[in-house]
Every structure is written in C-alpha cells, then in structure tokens.
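Below is one structure, written out as structure tokens; the observations come after it.
The values are calculated or read from the model by the stated rules, or taken from the named source; none is laboratory data. All of these numbers come straight from a predicted model, not from anything done at the bench. Methodologically, a virtual Cβ is constructed for each residue, glycine included, from the backbone with ideal geometry; neighbour enumeration extends over all protein chains shown.
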Amino acid sequence: MIRVTEAMRQAFSSDGVIKAEGLLSAAELAECRRCFDFNLANPGPTALDIYKGTSDEQYNDLGTAKSLEVYGPMLKKLDFAEFLAELWGSEHVWYFGEEIFVKDGGKVGRTLWHQDTPYFPSEGAHLANIWISFEALPARNALEVVRGSHVGTMYDGAAFMDSKDPTRPLWGGEHFPRLPDIEAERAEDPNSWDVVSWDLEPGDAVVLHSGALHGGAPVDASCTTRHTVVLRFFGDDLRYRPFPDAKPDYFMDLRAFDVGSLKVGDLYRGEHFLQLR
C-alpha cells in the first residue's frame, strides 16, 4: 500500500478525488479480486441486472453480512485504514461496505451521473470510495468525477430506473435539487463541467469523496469488459442526516438502512459498521 503525500491530501480536500497510482501491489489486487469473486458466487439480496433486457444491462451487487466475513480480514491485511486516516487526518476509520459492478459485451453505456450521499443518512468530510478496476482502462472508459463537487450542491440521487432519463429523482419533491443533465450540457459545451478521469492500470485506484458527482466508465469495442469493486469508508468527521420523509424511487427501500437511534447532527456510528482503526 502506497503512502499518502501532502499533495494527495490537498487534492482530495479541494478536488474531492485523486488517482492513487499503484495503490495496490499485484498480490494485494489479487486479494481484492478474491473478495469480488466471492460476491459473484454468493449474490446478496440487492444483486440485480440494472436495465435488464437493454443494451445497457449491467450487474450490480451490494455487500452483505456474509461477505463482510471475507472482506474484513482482507481490509485489515491491506491496511486501507492507515491510508485513509492519513488522507483525511482522521483518528478512526470504519468500513461502510462494498459494491461490485460488471459491464460486459462492449456496448454497455455510461453509469449515470450521481453523488452517493443522497443514498446515505449522513454527511461530512471523512467519506471515501476506493474505486478499483481489475482491468486496465483508458480514461474514456474509467470513472469520471466533477472536481470540487463534494463541497458544492448536494443534488437528489438518480433513480437508476431508466438509462434514458439520467435525472429521474431518487427522492423527488422538494427534498433536494434535481440532478442537472451533465452529459447534455457537456455535449453543448465540453468545458461546462470540470470533469477529471485518468488512464488506469491494474493496481491503480480512483479515491473520491462519496459526495462528489461521478459516473461514466462505459465499455465499448476497444474496452469490452469492466469488473469493478468500490470499497466505501468513513472517518471521524461524519454526522447523521436523516433521510427525507418519503419513499425512494429505487430498487430497494433505503430507509431500512437508517440508524433510528441517532439525532440530527450526531456522530454517525453504528455497531454494524466494521471499525478498522
């Protein structure tokens, strides 16, 4: 595991995203792949083919208590906690959970632009997604992130119900501003959004604040397959923000993950989160 530099700390704080080049050795990446393969072989209750029956069909699954038995030892062995503690300046680090993605066939389009924070009942500076692809990716097929958007507007989430409607709201109503149609705006003016992405080799990772706008990573004829695991973590600076009083337009009811014992502004903690540091 590489060490965090001051430049990385400053970039993560201001931009909300960094490329962690060579974050993982070949052996460490193999440990992550072993966990990824466990998820594939043992689907959780949220596993599904998003946009099933369309050219954009892609596999997605969130972690379970069972997968934590496999991921937990790997996370401690690879020392993600020390890396993130240095990146954030946090004394403690907890594991939120993983999410896996499979895009196959060379024709699956972009993942819709979104922030992760509307899907969480929490907010704060110490949030991170570590986005790991097991294939080499050119920048056009890698994750794209809007620089600095983690400290800007928190938009409504994307419902992910219709790939042709990229701003269909997760919560609706007046709870959050609706997502802008970033791709439509970029088509008119390529410089309308400050978007960053990088060429990635196996072992590299994109580390982004969960509140940063991100999306993309399509597959095409020259980059036909993508297998990705996203590892999510939080640190000391994270506080409880309750979900809106509404049912989300989503494939699962996110309110089941609310921590009902907390009050607005409480430190976000829970016995079911694995503490790594």
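A few notes on this one:
- Screening ASP258 against (1) closer than 30 Å to LEU24 by Cβ; (2) modelled with pLDDT under 95 leaves a single unmet condition, (1).
- Counting only residues that are without any contact (Cβ under 8 Å) to a residue 12 or more places away in the chain and among the acidic types (Asp, Glu), the stretch 65-81 holds 1 of them.
- Selected residue (criterion: nearest to PRO166 (Cα to Cα)) from residues of the stretch 46-64 that are out of contact with any Asp or Glu (no Cβ under 7 Å at 6 or more places or on another chain), surrounded by fewer than 16 Cβ atoms within 10 Å (Cβ to Cβ) and free of Cβ contacts under 8 Å to residues at least 40 places away in the same chain: LYS52
- TRP131 meets each of the listed conditions (1) within 30 Å of ALA30 (Cα to Cα); (2) in contact with a His (Cβ under 6 Å, 6 or more places away or on another chain) apart from (2).
- Candidates PRO73, PRO118 - the one that is at pLDDT 95 or above, part of a helix (DSSP H, G or I) and farther than 30 Å from GLY265 by Cβ: PRO73
- Enumeration of residues in the stretch 144-175 that are of a type in the set (Asp, Glu), within 24 Å of PRO218 (Cα to Cα) and assigned to a loop (DSSP other than H, G, I, E, B): ASP156, ASP162, ASP165
Quick grid of which residues meet (1) acidic (Asp, Glu); (2) under 19 Å from the mean Cα position of the chain (by Cα); (3) part of a helix (DSSP H, G or I); (4) under 21 Å from LEU127 (Cβ atoms):
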| site | (1), (2), (3), (4) |
| --- | --- |
| LYS19 | no, yes, no, yes |
| ARG33 | no, yes, yes, no |
| ASP37 | yes, yes, yes, no |
| GLY44 | no, yes, no, no |
| GLU69 | yes, no, yes, no |
| ALA81 | no, yes, yes, yes |
| ALA85 | no, yes, yes, yes |
